[in-house]
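Scroll down for the structure; my scribbles are underneath it.
The values are calculated or read from the model by the stated rules, or taken from the named source; none is laboratory data. This one's a predicted model, so the numbers in the text were calculated from it and none came from an experiment. So basically every Cβ, Gly included, is an ideal-geometry build from the backbone, and we count neighbours across all protein chains shown.
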Amino acid sequence: MVQAALRAAANAPGYPTVRGTPGLREAVAAWFDRRRGVPGLDPQDIMPTVGSKELVAWLPFLLGLKAGDVVVRPTVAYPTYDIGATFAGAEHIAADDLDELDAATRARVRLVWVNSPANPTGSVRDAESLRRIVRQARELGAVVVSDECYAELGWGEWDVQRGGTPVPSILDPLVAEGSHEGLLAVYSLSKQSNLAGYRAAFVAGDAAIMANLVNSRKHAGMIVPYPVQEAMRVALGDDAHVQAQKDLYRGRRERIVPALERFGLTIHESRAGLYLWATAGEATWDTVGGSRTAGSSSARGCSTVMPAMDSSGSR
Ligand SMILES: Cc1ncc(COP(=O)(O)O)c(C=O)c1O
C-alpha cells in the first residue's frame, strides 16, 4: 500500500513543499486525534521532516541556540540530542527533572528533550510526569521537544491492544494544559511503519515556532520529496499495517524476554519500544563478550542470542 502510494506519486519533477502538502498535514492532524489523544491540531502547525534524526540534530541551531545556552536531555539517551546541542555551540546536560539543575544552570536552559517511550531504556512517562516537566520548562521559558517515535509500541500497561493506556503525547490536553506554546512533538514512521528507508517523519506544535521552522528550513533546503510525502499520507491513514508491525515485535519480544531471563539477565523498564534494557549486574562488555559463567547450563543454552564481540569491542 505504501509502495503503491510512492509509485503513484513518482512523476514529481517540481520542487516539493517544505511545509508539507495540505493532504499530508491533514492526515497527521487526523492521526494525532485518532491515535494520540490530541484533537483539533491545526494543520498549519505541522511539518514533515527528512526522518526525525535530522530534526533532532538541527533543531537547536534552527531555534537560534548558541554558546552559553543549555540543552537538557534524558540521562540515558539517544546520542543525537547532544550532537544537536554541539552543532549549535550550546551546552548539553543530562537530567530527567529540571529540579536536578542548580539555579544558575536552570536560568540558561532553552531546550528540554523528552523521549518517551525512551531509547534505549524503554521507560515511559505518564501524563503527570510529562505535565511536571512542561510546567518546569515553561517557568524557565524553555521549549520542550518530545521525541515520541516509539509511541505506538507500548507493552504491558501501555499496550492499547491488550487493554492498556495509550502512551501520552506532549501535545495531549492533559499535559499541555490548554496551549501548545513552547511544545513540539516529533514523530517518525521509521518504527511504526518500518519506513526508515523512506526518511518519513514530522514535527508539530507551537504555532510561532512552527512558522519560524518552516521558514528557515525553506532557506536551508530541508524538504521531504513529494513521493515520500504521499507515501506518508497514505501510511498515516492506515492502522492495520501498524498493528501487523507491532505484532511482529510482540512475537519477538515474547520469545526473547524468557530467553534473556534464563541467560541470567534482569530486564529493566522496557515498557515500550523496540529495546530490552537488560543487565547481569556486571560490566556489559563481560556479558556480551561471552566470559560470563553465571546461569550455567541455561546460560550456555541461550548464548546465541548475544552478539559475539572481538577483542576491540566491535562486532
Ligand atoms: C529516540 C529516537 N529518535 C529519533 C530516531 C530517528 O528516527 P528516524 O530518523 O528514522 O526518523 C531514532 C531512531 O532510532 C530514535 O531511536
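Can you tell me how many residues in the stretch 8-27 are within 16 Å of the ligand (Cβ to nearest atom) and assigned to a loop (DSSP other than H, G, I, E, B)?
The qualifying residues number 1.
Being under 23 Å from the mean Cα position of the chain (by Cα) and at positive phi: is that true of residue 68 here?
In short, no.
Taking the conditions exactly as written (over 23 Å from residue 204 (Cα atoms) and either more than 14 Å from the ligand (Cβ to nearest atom) or crowded, with 19+ Cβ neighbours inside 10 Å (or both)), does residue 95 satisfy them or not?
It is true that residue 95 is over 23 Å from residue 204 (Cα atoms) and either more than 14 Å from the ligand (Cβ to nearest atom) or crowded, with 19+ Cβ neighbours inside 10 Å (or both).
Looking only at the stretch 266-275, filter to residues that are modelled with pLDDT of 95 or more and among the aliphatic types (A, V, I, L, M); which one of those is farthest from residue 154 (Cα to Cα)?
The qualifying residue farthest from residue 154 (Cα to Cα) is 267.
Being within 26 Å of residue 126 (Cβ to Cβ) and not hydroxyl-bearing (Ser, Thr, Tyr) is the filter here, so list the residues in the stretch 43-69 that pass it.
45, 46, 55, 56, 59
Results for (1) within 16 Å of the ligand (Cβ to nearest atom); (2) over 17 Å from residue 138 (Cα atoms); (3) not assigned by TED's automatic domain parsing to the domain that holds residue 215, shown as yes or no for each residue.
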site	(1), (2), (3)
66	no, yes, no
72	yes, no, no
86	no, yes, no
107	no, no, no
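Sort out which residues of the stretch 194-213 are within 15 Å of residue 64 (Cβ to Cβ), out of contact with any Asp or Glu (no Cβ under 8 Å at 6 or more places or on another chain) and surrounded by 19 or more Cβ atoms within 10 Å (Cβ to Cβ), and write them in order of number.
Residues satisfying the conditions are 209, 213.
Does residue 77 satisfy being within 16 Å of the ligand (Cβ to nearest atom), assigned by TED's automatic domain parsing to the domain that holds residue 53 and surrounded by 24 or more Cβ atoms within 10 Å (Cβ to Cβ)?
Taking the combined requirement at face value, the residue does not satisfy it.
Pick from the stretch 109-153 the residues that are within 16 Å of the ligand (Cβ to nearest atom) and of a type in the set (Asp, Glu): which of them is surrounded by the most Cβ atoms within 10 Å (Cβ to Cβ)?
Here the answer is 147.
Considering only the stretch 171-200, state which residues are part of a loop (DSSP other than H, G, I, E, B), out of contact with any helix residue (DSSP H, G or I) (no Cβ under 6 Å at 6 or more places or on another chain) and of a type in the set (A, V, I, L, M).
171
Can you confirm whether residue 18 is in contact (Cβ under 8 Å) with a residue 24 or more places away in the chain, of a type in the set (A, V, I, L, M), buried (at least 18 other Cβ atoms within 10 Å of the Cβ) and under 18 Å from residue 146 (Cβ atoms)?
no
Scan the stretch 185-195 and tell me whether some residue there is within 18 Å of the chain's Cα centre (by Cα) and away from the ligand (no atom under 15 Å from the Cβ).
Scanning the stretch 185-195, I find no residue that is within 18 Å of the chain's Cα centre (by Cα) and away from the ligand (no atom under 15 Å from the Cβ), so the answer is no.
On the basis of being away from the ligand (no atom under 16 Å from the Cβ) and within 16 Å of residue 114 (Cα to Cα), does residue 168 make the cut?
yes
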